[in-house]
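Q: Sharing a structure here in structure tokens format.
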Amino acid sequence: MQPVQETGGPGDEVVVLDGLTKRYGSRTVVDDLSLTVRRGEVYGFLGPNGAGKTTTLRALLGLIRPTSGTATVLGRPAGSSAVRVGALIEGPGFYPYLSGRDNLRVLARYAGAPPGRVDLVLGTVALTDRAGDRYSTYSLGMKQRLGVAAALLKDPELVILDEPTNGLDPAGITDMRALLRRLSGEGCTVVLSSHLLGEVEQVCDRVAVVSVGRLVVESSVGELLGLRRLVVEADPIEEAAAITAGLLGADRVAVEDGALVVQAGPEDTARINRALVLADVDVTGLRQEAQTLEEVFLQMTGSELESAVR
């Protein structure tokens, strides 16, 4: 895993979501979501299918209006033309009969980007050799890279990428990882929506995990991996679960096979044991088990995500 970089501090927020909620009729897709993305970091936005990730990114770009709450970019309302934002959401869409280069030229004219940016971003995503070919002849991975190139046309301060490694082979994924770290190193902030846990572990500074539209946790990847699966055998187990949930939050506590299973840091074990004993709960067993990143997500979201450590 890459070491967490020293990115923006207090007062240096690029993205701020505050109580963001989006409903479609009686269905709540995003539910009171609050998070902060700092300048210069690669921020992972993770969750199972249907978690509300793409809806949140659309709200962040000003493509949809939230039902309530706010989304700001560099202190301005989402969608403001005063900030440079590049995005690839759900998948690229280009004219199939134009070449990759000509597609970008069309977008550059529309966006007011300098013409010289076209060949620069083609080189950035390693498409120079195929830039003159029709888009319809591109592989899925090449189409994805052209979409990232389009997101970079305006030399953005913030880049939002929805599953950018979709369709890429292992070499392409490695190149994309290097590109994201280079963008971050040059001061660009990247928000990366993904379900590939191995890629997140290697490239992201911090992550937000969402499930059914709600924030489960916002943390560095290192802190998430520092959590342990603490198995507590206690009687009565229902009271033990209630006490532990009061200490750490209900999202970190579950009952499995008659035992209490807790997402716990090293300092939490003694706190839990002390609280249970003081409440006259009989503690008959305590053991910690190390977890993979996938296991942490499974515990937090109750849904499977794809683990692709390479």
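Throughout, read-outs are computed from the coordinates displayed, never taken from laboratory work. Everything numeric in this text was worked out from a predicted model, so none of it was measured. Backbone-built Cβ (ideal geometry, glycine too); neighbour counts: all protein chains shown.
Q: Please give the length that would be gained between TYR110 and ARG23 if that part of the chain were fully extended, namely 0.36 nm times their separation in residues minus their C-alpha to C-alpha distance (nm, one decimal).
A: Result for the pair: 28.1 nm of gain on full extension.
Q: Moving to a separate point now. If packing is taken as the average number of other Cβ atoms within 10 Å across a peptide's residues, how do 68-78, 273-283 rank, most packed first?
A: 68-78, 273-283
Q: For ARG214, ARG58, ARG182, what's the fewest-to-most ordering of other Cβ within 10 Å of each Cβ?
A: ARG182, ARG214, ARG58
Q: In terms of the ratio Rg/(2.2 N^0.38 Å) built on C-alpha atoms, what value belongs to the range 81-166?
A: 0.98
Q: Out of the DSSP beta bridges found with both residues in the range 145-228, what percent are antiparallel (nearest 5)?
A: 55
Q: Would you pull out the residues with amide H under 5 Å of VAL191's amide H, same chain only if 5 or more places away, H placed 1.01 Å from N?
A: Hits under the 5 Å cutoff: TYR43, VAL159, ILE160, LEU161.
Q: Given the rule -39500 (n - 2.57) for each run of at least 4 DSSP H residues, summed and divided by the residues of the chain, what is its mean residue ellipticity at 222 nm, to the nearest 500 deg cm²/dmol?
A: -9500 deg cm²/dmol
Q: Taking the alpha-carbon distance from LYS154 and a cut-off under 22 Å, which lysines remain once sequence neighbours fewer than 8 residues away in the same chain are dropped?
A: LYS143
Q: Full extension from ARG182 to ARG76: what is 0.36 nm times the residue separation minus their Cα-Cα distance, to one decimal in nm?
A: Stretched fully, the ARG182-ARG76 segment lengthens by 35.6 nm.
Q: What is the chain by shape, rounded, prolate or oblate, if you read a ≥ b ≥ c off the alpha carbon gyration tensor as root eigenvalues and call it rounded for a/c under 1.5, prolate for a/b larger than b/c, and oblate otherwise?
A: Since a/c reaches 1.5 and a/b is larger than b/c, the shape of the chain is classed as prolate.
Q: Follow-up question, since we're still on this one. So what's the net charge close to VAL30: Lys and Arg +1, Asp and Glu -1, counting the other residues with Cβ under 14 Å from its Cβ?
A: Every neighbour counted, the sum reads +4.
Q: Follow-up. Please tell me the relative contact order of the range 181-266 in percent, rounded to the nearest whole number, where contacts are Cα pairs under 8 Å and at least six residues apart.
A: Relative contact order here is 22 percent.
Q: Based on the mean of other Cβ atoms within 10 Å per residue, sort peptides 244-250, 100-106, 49-55 so the most packed one is first.
A: 100-106, 49-55, 244-250
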